[in-house]
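A.B. asks: Handing you a structure now.
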Amino acid sequence: MRLLRNPDFKHYLLLLILMLLPIYCMAAGTAKTPTNYRLKQFTPPIPAPDFLLVDMDGEKHSLKQYRGKVVLINFWATWCPPCIHEMPSMENLYTKFKSHNFIILAINQWEDEERVFEFMGQLKTIPSFTVLFDPDSKVSSAYKVQGLPSSYIIDKQGRIVYRAKGGRDFDHPVIVEKIKSLL
Amino acid sequence: MSKFILLVFLSVLYVPTIADTNQNKSPALQQSKWKTVSHGFSLEMVQVKADYVRAVFLARGLPADVVEKISQYCVFGNIIRNQSNAQIVARLSDWRAVTRDGVKHKLKLKSAWTKEWSKKGIAFRWLILSEDQSFDAGDWIQGFSTVALKPGQQFDLHYSWKLQGKTYSNKFKGVTCAPASKS
């Protein structure tokens with residue numbers, strides 16, 4: 001503190017701050033903000049719209065049939081790069097919790113089974129979670145999805161608890177903990 | 001002494017609020033891009049050539065006349081991120097492209113395009129940014145914006161967003177529509 005009272009030291013310190021400020025500003029402007037694990041929480045949770053969609057094998061799935069499980073609903077398309085980028089992290093999350101009443105429903109937008117099947121074959125890791133088809137985007141409209149990817153986490157009571165607009169790292173410890181707390 | 005501490009404190013606080021705007025070329029596309037971060041709001045714009053617009057929309061199965069119309073517009077690929085800890089609201093319908101002659105041009109966004117498409121029985125509603133956007137902490141979106149300007153035409157983009165009840169505005173100077181595709 002005695003040093004801080006020295007006027008010369010104060011001037012040098014101020015000069016140093018002014019010299020470093022532009023560098024810090026540049027770094028602050030260009031650095032990637034590590035927010036890819038943050039989710040919007042709905043308090044209280046809101047009822048999730050039900051739906052009935054078919055999977056790659058033509059089997060029907062409704063959201064209601066998964067009551068009692070935690071569900072990650074992910075809206076995606078093969079032409080959406082961030083959708084593809086987040087898929088391995090979704091697979092990791094699914095692998096971690098699939099035996100604990102956790103499922104993922106990846107709802108494809110505006111594409112047919114043939115295209116998605118071909119696309120899946122090109123992936124390094126083929127997702128083992130369920131892929132559903134929403135060819136006319138009716139389900140994404142019901143969820144008020146503005147852009148892809150968008151994800152919703154549904155609790156065991158069928159309510160939306162969390163939402164993410166844009167890609168996320170779903171195997172990030174913060175998200176893993178959130179899922180664990182819902183199970 | 002307290003003034004000095006206050007000055008140091010304010011200088012550090014000030015950093016994230018400084019707009020860092022830069023323009024450079026996207027190495028992948030060789031198109032110009034603009035990026036800025038200010039008050040938690042990050043906006044990136046990349047020129048998109050008419051050929052690319054045609055390819056993207058044709059691949060989604062849209063009819064040739066519809067694709068041709070949108071390819072005549074000045075199109076940008078945009079990435080908008082919320083880098084703050086609070087919700088950000090952006091009304092893109094309020095944003096204006098101001099050309100050298102002082103004329104303010106509205107952006108043509110999702111609802112305007114989908115309204116036209118729905119008249120032709122097309123339910124496609126992806127790729128174009130919505131007029132009203134809200135981003136919770138960690139949220140981001142990418143999509144196209146369009147404005148009725150010619151290839152190579154230059155403008156300043158005046159844009160705004162709201163963070164914690166306060167409206168902020170900024171402008172990208174000298175934004176340029178992608179040059180005409182070589183035939």
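The values are calculated or read from the model by the stated rules, or taken from the named source; none is laboratory data. Note that this is a predicted model, so its numbers are computed, not measured. Reconstructed Cβ throughout: ideal geometry from the backbone, glycine too, with neighbour counts over all protein chains shown.
A.B. asks: Determine whether the range B:77-88 contains at least one residue that is more than 14 Å from chain A (Cβ to nearest Cβ) and not hydrophobic (A, V, I, L, M, F, W, C). First the steps, then the outcome.
C.D. replies: Of the residues in the range B:77-88, the ones more than 14 Å from chain A (Cβ to nearest Cβ) are none.
Within the range B:77-88, none of the residues are more than 14 Å from chain A (Cβ to nearest Cβ) and not hydrophobic (A, V, I, L, M, F, W, C).
A.B. asks: Please go through (1) out of contact with any helix residue (DSSP H, G or I) (no Cβ under 9 Å at 6 or more places or on another chain); (2) among the charged types (D, E, K, R); (3) under 15 Å from A:His61 (Cβ atoms) for A:Glu91 and return the number of the only condition it doesn't satisfy.
C.D. replies: Of the numbered conditions (1) out of contact with any helix residue (DSSP H, G or I) (no Cβ under 9 Å at 6 or more places or on another chain); (2) among the charged types (D, E, K, R); (3) under 15 Å from A:His61 (Cβ atoms), the odd one out for A:Glu91 is (3).
A.B. asks: Take B:Val175 and tell me if it is more than 14 Å from chain A (Cβ to nearest Cβ), in contact with a His (Cβ under 7 Å, 6 or more places away or on another chain), assigned to a strand (DSSP E or B) and farther than 23 Å from A:Gln146 by Cα. It would help to see each step written out before you state the result.
C.D. replies: Working: more than 14 Å from chain A (Cβ to nearest Cβ): yes; in contact with a His (Cβ under 7 Å, 6 or more places away or on another chain): no; assigned to a strand (DSSP E or B): yes; farther than 23 Å from A:Gln146 by Cα: yes.
No, not satisfied.
A.B. asks: Do you know which of the residues in the range B:118-152 that are more than 9 Å from chain A (Cβ to nearest Cβ) and of a type in the set (Lys, Arg) is farthest from B:Pro63 (Cα to Cα)? Reasoning before the result, please.
C.D. replies: Here is the first cut: in the range B:118-152, the residues more than 9 Å from chain A (Cβ to nearest Cβ) are B:118-122, B:128, B:131, B:144-152.
With the extra rule that they be of a type in the set (Lys, Arg), the set shrinks to B:119-120, B:150.
Details: B:Lys119: 13, B:Lys120: 10, B:Lys150: 22 Å.
So, considering only residues that are more than 9 Å from chain A (Cβ to nearest Cβ) and of a type in the set (Lys, Arg), the one farthest from B:Pro63 (Cα to Cα) is B:Lys150.
A.B. asks: Follow-up question, since we're still on this one. Can you tell me how many residues within the range B:139-167 are more than 27 Å from A:Cys83 (Cβ to Cβ) and more than 14 Å from the chain's Cα centre (by Cα)?
C.D. replies: 13
Residue by residue, here is whether (1) among the aromatic types (Phe, Trp, Tyr); (2) part of a loop (DSSP other than H, G, I, E, B); (3) without any contact (Cβ under 8 Å) to a residue 24 or more places away in the chain holds:
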{"position": "B:Leu62", "(1), (2), (3)": "no, yes, no"}
{"position": "B:Phe76", "(1), (2), (3)": "yes, no, no"}
{"position": "B:His105", "(1), (2), (3)": "no, no, no"}
{"position": "B:Trp117", "(1), (2), (3)": "yes, no, no"}
{"position": "B:Ile122", "(1), (2), (3)": "no, yes, no"}
{"position": "B:Gln142", "(1), (2), (3)": "no, no, no"}
{"position": "B:Thr146", "(1), (2), (3)": "no, no, no"}
{"position": "B:Lys150", "(1), (2), (3)": "no, yes, no"}
{"position": "B:Ser160", "(1), (2), (3)": "no, no, no"}
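A.B. asks: In this structure, is B:Ala90 at pLDDT 95 or above, part of a strand (DSSP E or B) and of a type in the set (A, V, I, L, M, F, W, C)? Working first, answer last.
C.D. replies: Details: at pLDDT 95 or above: yes; part of a strand (DSSP E or B): yes; of a type in the set (A, V, I, L, M, F, W, C): yes.
Judged against the criteria, B:Ala90 is a match.
A.B. asks: Do the conditions hold for A:Ile103, that is, is it out of contact with any Pro (no Cβ under 6 Å at 6 or more places or on another chain), away from chain B (no Cβ under 11 Å), among the aliphatic types (A, V, I, L, M) and surrounded by 14 or more Cβ atoms within 10 Å (Cβ to Cβ)? Working first, answer last.
C.D. replies: Details: out of contact with any Pro (no Cβ under 6 Å at 6 or more places or on another chain): yes; away from chain B (no Cβ under 11 Å): yes; among the aliphatic types (A, V, I, L, M): yes; surrounded by 14 or more Cβ atoms within 10 Å (Cβ to Cβ): yes.
Yes: the conditions hold for A:Ile103.
A.B. asks: Here's another thing I want to ask about it. Going by what's in this entry, would B:Phe155 be described as farther than 30 Å from A:Asp134 by Cβ and crowded, with 21+ Cβ neighbours inside 10 Å?
C.D. replies: Values: farther than 30 Å from A:Asp134 by Cβ: yes; crowded, with 21+ Cβ neighbours inside 10 Å: yes.
In short, yes.
A.B. asks: So A:Gln146 passes all but one of these: (1) within 20 Å of B:Gly143 (Cα to Cα); (2) touching a Phe, Trp or Tyr at 6+ places or on another chain (Cβ under 8 Å). Which condition number does it fail?
C.D. replies: (2)
Here is a yes/no grid of residues against (1) modelled with pLDDT under 90; (2) under 22 Å from the mean Cα position of the chain (by Cα):
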{"site": "B:Phe9", "(1), (2)": "yes, no"}
{"site": "B:Tyr14", "(1), (2)": "yes, no"}
{"site": "B:Ser26", "(1), (2)": "yes, yes"}
{"site": "B:Lys49", "(1), (2)": "no, yes"}
{"site": "B:Lys69", "(1), (2)": "no, yes"}
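A.B. asks: Among the residues of the range A:49-71, is there at least one that is under 18 Å from the mean Cα position of the chain (by Cα) and either aromatic (Phe, Trp, Tyr) or on the phi > 0 side of the Ramachandran plot (or both)?
C.D. replies: Initial filter on the range A:49-71 (under 18 Å from the mean Cα position of the chain (by Cα)): A:70-71.
From what's left, either aromatic (Phe, Trp, Tyr) or on the phi > 0 side of the Ramachandran plot (or both): none.
No, that holds for no residue.
A.B. asks: Next question. Which one of these is under 23 Å from A:Val176 (Cα atoms), free of Cβ contacts under 8 Å to residues at least 24 places away in the same chain and in the same structural domain as A:Glu59 (by TED's automatic domain parsing): A:Ser141, A:Ser99?
C.D. replies: Values: A:Ser141 fails: under 23 Å from A:Val176 (Cα atoms).
Result of the check over A:Ser141, A:Ser99: A:Ser99.
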